[in-house]
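> Below you'll find the structure I mean.
We did not get these values from a lab; they are worked out from the coordinates using the rules stated. In this text the structure is predicted, and so the values were computed from the model without any measurement. Here the Cβ is made from the backbone with ideal geometry for all residues, glycine too, and neighbour counts use every protein chain on show.
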Amino acid sequence: MPLLIRRSHAQDELPGGSLGRYPVLDAPSARPDRGVQAAGIRRPALFPVCANPGCTAGWLRLWRSRSAPVFEGGWCCSPECTRAQVGAALGRELGGRTGAPEPHRHRIPLGLEMLEQGWISAAELRAALAAQREAGGGRIGRWLRSQGVSERLITRALGVQWSCPVFAADSCTPESLTGLVPRLFLDAFGALPMRVGAERILYLGFEDRLDPSLALAIERITGLRVECGLVEESSFRRAQELALEARYPPVELVEAVSEAALAGAMTRAIERARPVESRLARVHDCVWLRMALRPQRVAVPSRDAIADLIGSLNGSGRGH
Ligand SMILES: [Zn+2]
């Protein structure tokens, strides 16, 4: 999945501003009214209502029907209806890309910010910039560190740039949170779930830049509120190494040639797993389908209660 290995480009897709401004979308739910009145006959309230607005199932099928799968809060009475619901959700996620977020631009470059704050001297900044030029690139923070500037100060300055907190990694337990975010996303987008606090807040750490798109997808999929922050590079690396070594829920990777093919693959996965709930959200160029195999009563589901599918469109499917 080449689309996932574009971490260095991730900042080009980042909207500016803080995550706090993003609305958390409610999962669409089955419409309780629809289906009760069909063909002028009132159905008994005991009949389940298929979530698919175009469902043509007769009473018999609804009566005999299954209780799973559930997709985005709505029960689907047949594979055809699951396919219709998944297709509509995929269209929602993959469409409407015209309002592409503006790339995040910091008003003041990191080095200047630190100089203004009095955290580094002009000589240190000059030397770091010269070293960066000589090496032909590299993040300025790295070159400042080579001038002896402390990691703590650099992370603090990044926090000022992003208007976000700096998290301490000491008490984080990423290996206990593997039920939240697929390993692939943590690796590809450089994120680290640190802990889940009171009131269902997930603290999500990043090394040098936030990823609001990933954070929003996690909010929509898990129902947790996500608070993003930065973590000092060395502690981030250590904790992320631990996180990546842990075990995660099974994930199926699908690279599809078209949106329809992707919808088909997702429908098959849902029909196979029969989840009690499943949700879909886009993460950069991928679509993340999460299926809950059992009812979730805790903020962090256990590994075996979850199955993920990560899909992407290959080639000309829908360009970025
Ligand atoms: Zn149906």
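> Enumerate the amide H contacts of Arg282 below 5 Å, restricted to partners 5 or more residues apart or on another chain; note that Pro and chain-start residues carry no placed amide H.
Trp288
> In addition: What does the net charge come to around Leu110 if you take all other residues with beta carbon closer than 10 Å to its beta carbon, with K and R at +1 and D and E at -1?
-1
> Then there is this: About the Cα centre of the stretch 110-162, what is the dipole size in debye to 20, counting +1 per Lys and Arg Cβ and -1 per Asp and Glu Cβ, all else neutral?
Details: 7 positive and 5 negative charges, 28 e Å.
About 140 debye.
> Shifting gears a bit: HN-Hα J couplings of the stretch 127-141 from phi, Karplus 6.51/-1.76/1.60, θ = phi - 60°, integer Hz, Gly and Pro as x?
5, 5, 5, 5, 5, 4, 5, 4, 7, x, x, x, 5, 4, x
> 5 Å is the cut-off here: which amide hydrogens, built 1.01 Å from N in the peptide plane, fall below it relative to Gly74, excluding neighbours closer than 5 in sequence?
Distant-sequence amide H within range of Gly74: Ala30.
> Exposure proxy check: Glu72, Glu259 ranked by fewest other beta carbons within 10 Å?
Glu259, Glu72
> Placing +1 on the Cβ of each Lys and Arg and -1 on the Cβ of each Asp and Glu in the stretch 110-162, which of Ser146, Leu115, Ala127 has its Cα farthest towards the positive end of the resulting dipole?
The Cα lying farthest towards the positive end belongs to Ser146.
> Eigenvalues of the Cα gyration tensor times 5, then square-rooted: what semi-axes does that give for the stretch 164-245, in whole angstrom, largest first? Display every interim value, and only then the final one.
Values: eigenvalues 55, 36, 32 Å².
One finds semi-axes of 17, 13, 13 Å for the stretch 164-245.
> Taking the Cα centre of the stretch 164-245 as origin, sum charge times position over the Cβ atoms of Lys and Arg (+1) and Asp and Glu (-1), and report the length of that vector in debye to the nearest 20.
Dipole magnitude for the stretch 164-245 comes out near 280 debye.
> Please list, ordered by chain and number, the residues whose modelled amide H lies under 5 Å from the amide H of Leu230; skip anything fewer than 5 residues away on the same chain.
Here Val166, Phe167, Phe206 satisfy the definition.
> 7 Å from Cα along Cα→Cβ at both Arg107 and Ser171: what's the point-to-point distance in nm?
According to this spin-label approximation, the distance is 3.3 nm.
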